[in-house]
1. If you count only protein heavy atoms with a 1.4 Å probe, what accessible area per residue comes out for the chain, rounded to a whole Å²?
2. How do M1, M126 rank by accessible surface area computed with a 1.4 Å probe, from largest to smallest?
3. Using a probe of 1.4 angstrom, how much of the accessible area of the chain is carbon and sulfur, in percent?
4. If the limit is 27 Å between Cα atoms, which of K57/K118; K2/K118; K16/K118 go over it?
5. Which loop-located trypsin sites (Lys or Arg not before Pro) does the range 35-137 contain, where loop means any DSSP state but H, G, I, E or B and the Cβ has at most 14 other Cβ atoms within 10 Å?
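The values are calculated or read from the model by the stated rules, or taken from the named source; none is laboratory data. On a predicted model such as this, the values are computed, not experimentally measured, just so you know. Counting neighbours? That spans all protein chains shown, and the Cβs are built from the backbone with ideal geometry, glycine included. Note: areas computed on protein heavy atoms with side chains; ligands, DNA, RNA excluded. Shrake-Rupley method; radii C 1.70, N 1.55, O 1.52, S 1.80 Å.
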Amino acid sequence: MKIIIINGPNLNLLGKREPEIYGNQTFDAYFDTLKAKFPQIELEYFQSNIEGELISKIQEVGFTYDGIVLNAAAYTHTSIGIGDAVKAIFTPIIEVHISNTFSRETFRHQSYISPNVKGVIIGFGMKSYDLALQSFL
């Protein structure tokens, strides 16, 4: 089984950015934990702060991979383009968010991605990724 985690803008700053919301662990460190926990999954990781790069990666893997775990971060609430890319592909996607977006600013309550994904996991910290991977098994 081949699954990719795709992270959007500012998630490269995990471990440094707003630790009261996002925690103190870097995503690279957590990714190593995920690879060890799910050895049966061929797991890849991609992060970009650039909307077009995220769209290109979704299109690149969206017809051949077994799953995508997508945290589009702030683009979740603003990017019709990422929403359209998600709708255009065949690979199932789980949308994840580290924080509970519904307990934050009201603009974070809207997702252009959610209507076209297999499921949404919100608010379980980094464990959101773990739960998303489990959903594919």
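1. For the chain, the solvent-accessible area averages 48 Å² per residue.
2. M1, M126
3. C and S atoms contribute 53 percent here.
4. K16/K118
5. Those that pass, being in a loop and sparsely packed, are R104, K118.
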